[in-house]
Amino acid sequence: AAAAALSSTMLVVLAVAVVVALGVHAVLSWHRSKHVGTATHPPMAQGSVPVLGHALAYRGSPADFVTEQCRLSGPVFSLNLAGKHMVVVGDNRVVARQVAMAPESVLSARQAVLDIGFAETLGRLNVLHGPDIHKRIIKGSSLVRGGREGAQQHRSLGNSLHRALLAGSKAFGTGSGVGSGVGTGGGFGLSATAGTGNQGGDCVVRVRDLFWLVRFAVLRAAVEWMLGAAVLAAAGDDFCHAFMAFQDAVEDATAKAAVLPRWLALPLVLWPTQRRRSTIQDRLAVAIAKATIMATAETGSNAEAEGAECSRLGPWMEQLVVHDGRSADEAAELAVGLLFAAHKNAAIGAAQTLVFLLQGPAEQLAPARTEAAAATALLASPTSPT
């Protein structure tokens, strides 16, 4: 009984000590956040609160918060996001140029990305080495070099997007086939011409969620063109759906982690998202391994055979797996980061452009429909290169 009582007393003392330590740490952090800046340390943004710092104010409206703090504290200031201290550079070209030219050892953007949770959500390999690897592949791509090969690559990317829209219309549509124009009575009529398989004329597909369709189409096209048709065939369209759900989870985890102390964000949001990434990554690694075997078997005399397109690797897998000799697991981790960054802005831009056109006057929409029909016919032409 005495031992049990002593044990209970020690637990209470330990709990009190932890609370006091956290309180002292919060007060000291809040006190440090009140400094007005020195020659070597920028001023701290105004409005800091204990423990959370500026996290709540920043989360409410990041753009408005940064704009207001630039007005109050100057173009360069420090920010405390629940214990994660960062330096913000506002609208000052001279300072921005100095920051951009500073070496990673002095001002580390990658370390800041790690600190806010991307080490767990996307992996350290993506954060620390991914940008340089992808830059090297892009510089060596025929898309950058131009010429006939570059034009063929642009055509191939357009074909990938065309196929992705058709696949998406089947997954998200409430009708069958594709047609021209915007449907009435709700939904959206997907427009396409040749290569749809319709023999009896055009019809309209009602898409339940237009933005979801655009997002799916851009992601699927990115998988097919960047990773390869062989990878897409091995992974399946279900992988694209799973990846979209994973990206939503990353966005949500990043927003929550920004306003939570790291010791709390890790078990509540970051580690669960990390496990989710591992599942997606493992699934993609299996597809990459299968695709590599398929592509290897098709090399040589069968490389140009009809139907060999579905067994080809994209430029990223060619470089990472074939030339660099990376494992399927490493290639999958880098591919997850690539897809996360590569398709998002393109999907947003495509959706916003479409909404802009649909909300504009008829004379604005008509030329766009004509151009889309011409581009679709060109992509579907049997003489167009793939």
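The values are calculated or read from the model by the stated rules, or taken from the named source; none is laboratory data. Note that this is a predicted model, so its numbers are computed, not measured. With ideal geometry, Cβ positions are generated from the backbone for all residues, glycine too; neighbour counts draw on all protein chains shown. Calculation scope for accessible area: heavy atoms of the full protein, side chains included, ligands and nucleic acids excluded. Shrake-Rupley method; radii C 1.70, N 1.55, O 1.52, S 1.80 Å.
For segment 311-365, the tally of residues that are among the acidic types (Asp, Glu) and either under 21 Å from the mean Cα position of the chain (by Cα) or not in a helix (DSSP H, G or I) (or both) stands at 4.
Of all the residues in segment 89-112, those that are open to solvent by 50 Å² or more (accessible area, probe 1.4 Å) and within 18 Å of the chain's Cα centre (by Cα) number 2. Of everything in segment 50-77 that is touching a helix residue (DSSP H, G or I) at 6+ places or on another chain (Cβ under 6 Å), more than 24 Å from Val99 (Cα to Cα) and free of Cβ contacts under 8 Å to residues at least 40 places away in the same chain, the residue that is surrounded by the most Cβ atoms within 10 Å (Cβ to Cβ) is Ala57.
Assess whether Ala82 counts as being closer than 30 Å to Gln274 by Cβ, among the small types (Gly, Ala, Ser) and modelled with pLDDT under 80.
no
Summed over segment 60-70, residues that are part of a helix (DSSP H, G or I) and out of contact with any strand residue (DSSP E or B) (no Cβ under 8 Å at 6 or more places or on another chain) total 7. Among the numbered conditions (1) at pLDDT below 95; (2) open to solvent by 20 Å² or more (accessible area, probe 1.4 Å), the only one that Met244 does not meet is (2).
For (1) part of a helix (DSSP H, G or I); (2) hydroxyl-bearing (Ser, Thr, Tyr); (3) farther than 30 Å from Ala331 by Cβ; (4) touching a Ser or Thr at 6+ places or on another chain (Cβ under 8 Å), each residue gets a yes or a no:
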| position | (1), (2), (3), (4) |
| --- | --- |
| Tyr58 | yes, yes, yes, no |
| Leu72 | yes, no, yes, no |
| Val95 | yes, no, yes, no |
| Asp115 | yes, no, no, no |
| Val127 | yes, no, no, no |
| Asp132 | yes, no, no, no |
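Considering the conditions (1) touching a Leu at 6+ places or on another chain (Cβ under 8 Å); (2) open to solvent by less than 20 Å² (accessible area, probe 1.4 Å); (3) at pLDDT 85 or above, Val322 is excluded by exactly one of them, (2).
Please list, ordered by residue number, the helices (runs of 4 or more DSSP H) wholly in segment 204-270 having 1 or more residues that are in contact (Cβ under 8 Å) with a residue 24 or more places away in the chain and under 20 Å from His134 (Cβ atoms). Walk me through it before giving the result.
Working: elements: 210-222, 229-235, 237-258, 262-265.
Passing ranges, in order: 210-222, 229-235, 237-258.
Scanning segment 231-283 for residues that are aromatic (Phe, Trp, Tyr) and over 18 Å from the mean Cα position of the chain (by Cα) turns up Trp263, Trp271.
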